[in-house]
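Worksheet: the structure to be examined is printed underneath.
The values are calculated or read from the model by the stated rules, or taken from the named source; none is laboratory data. A quick note: this is a predicted structure, and the numbers were derived from the prediction, not measured. A quick note on method: Cβ atoms are made from the backbone with ideal geometry, for glycine too, and the neighbour counts reach across all protein chains shown.
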Amino acid sequence: MSAAALLPAASGGAVFVPLGPLGLAALLAAALAWGAARHLRRGGALRPWHRASAMVMGAFALVHVLAHLAALAGPAAHQAVLDALRQVYRHPVAEALLLASALFQVGSGAVLLWRGRAQRRGAVAWLQALSGGYLALFLLVHVSAVLQARVQGLDTNWYFAAAGLHVPLWSGFFAPYYALAVAALGVHIGCALYWNMPPARARWALALCGAAGVLLGTLLVLTLAGVWPAPPLEVPLPYRAPFLKG
């Protein structure tokens, strides 16, 4: 099923123009930005909008990370889990919603970071800001790389995720790149819980979420690198080729 946009025609009527997930995502992101801007002009806050899109992205990110850990049983097991999940999140509407949420998360997060630069106080506030900033940077880089790979006809599977860790020198970039992303996700979720729970429970929630992020991030890198539990199959050359140029 393909999405379509209803646009005015030269004759004064209307025509349906087919849209791919990217086009629909752009429309959804624009609609979110327009709604948020209108809400702000009326004296509302941006944070509830940011939180709503974060719930979409956070749910997908957690499922995505756990799906990658299926590679503990080998690339074939990971591919089986990925194929099952793709039936849901690669539906054009679902994919457009995810891409729009990612765009809005980056944009609204940047605004919140800038607005709070002078009022930010305390370790938790800075943890939230720094983890959010890194997640925004990771989203921009990772989503761009995924879209570029799909344009080039590469399946964004386990080999795509692992490729950089199997090329000398590049592994020094991709190990912290992935580990910090998962750790930042845990910390950012923990910070959100911290502000919305009783003080006695808030500290435990932040500590547990942060520890879970560090643990999952480390396990993900070890799995992608083939360090544990067992060496993986050879990553095919088409996936390693971009890192071998020059």
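When segment 218-246 is examined, which residues are found to be in a loop (DSSP other than H, G, I, E, B), of a type outside the set (Phe, Trp, Tyr) and surrounded by fewer than 17 Cβ atoms within 10 Å (Cβ to Cβ)?
If the condition is that a residue be in a loop (DSSP other than H, G, I, E, B), of a type outside the set (Phe, Trp, Tyr) and surrounded by fewer than 17 Cβ atoms within 10 Å (Cβ to Cβ), then 227, 229, 230, 231, 233, 234, 236, 245, 246 are the ones that fit.
Evaluate the following for residue 215: is it more than 14 Å from residue 242 (Cβ to Cβ), surrounded by fewer than 17 Cβ atoms within 10 Å (Cβ to Cβ) and of a type in the set (A, V, I, L, M)?
For residue 215, the condition - more than 14 Å from residue 242 (Cβ to Cβ), surrounded by fewer than 17 Cβ atoms within 10 Å (Cβ to Cβ) and of a type in the set (A, V, I, L, M) - is met.
Quick one: how many residues across segment 117-157 are among the aromatic types (Phe, Trp, Tyr) and either within 15 Å of the chain's Cα centre (by Cα) or within 12 Å of residue 102 (Cβ to Cβ) (or both)? I'd like the intermediate steps shown before the answer.
Going through segment 117-157, the residues among the aromatic types (Phe, Trp, Tyr) turn out to be 126, 134, 138.
Going one step further and asking which of them are either within 15 Å of the chain's Cα centre (by Cα) or within 12 Å of residue 102 (Cβ to Cβ) (or both), we end up with 134, 138.
Selection size over segment 117-157: 2.
Test residue 180 against the criterion of being within 25 Å of residue 107 (Cα to Cα), modelled with pLDDT under 95 and touching a helix residue (DSSP H, G or I) at 6+ places or on another chain (Cβ under 8 Å), and give yes or no. Full working, then the answer.
Numbers: within 25 Å of residue 107 (Cα to Cα): yes; modelled with pLDDT under 95: no; touching a helix residue (DSSP H, G or I) at 6+ places or on another chain (Cβ under 8 Å): yes.
Spelling it out, it is not the case that residue 180 is within 25 Å of residue 107 (Cα to Cα), modelled with pLDDT under 95 and touching a helix residue (DSSP H, G or I) at 6+ places or on another chain (Cβ under 8 Å).
Mind checking which pairs have a first residue in segment 60-80 that is closer than 13 Å to residue 221 by Cα and β-branched (Val, Ile, Thr) and a second that is at pLDDT 90 or above and surrounded by 15 or more Cβ atoms within 10 Å (Cβ to Cβ), Cβ under 7 Å, 6 or more apart or different chains?
65/182; 65/216; 65/220
Quick check on this structure: which one of 40, 22, 32 is buried (at least 19 other Cβ atoms within 10 Å of the Cβ), part of a helix (DSSP H, G or I) and at pLDDT below 70?
That would be 32, the only listed residue that is buried (at least 19 other Cβ atoms within 10 Å of the Cβ), part of a helix (DSSP H, G or I) and at pLDDT below 70.
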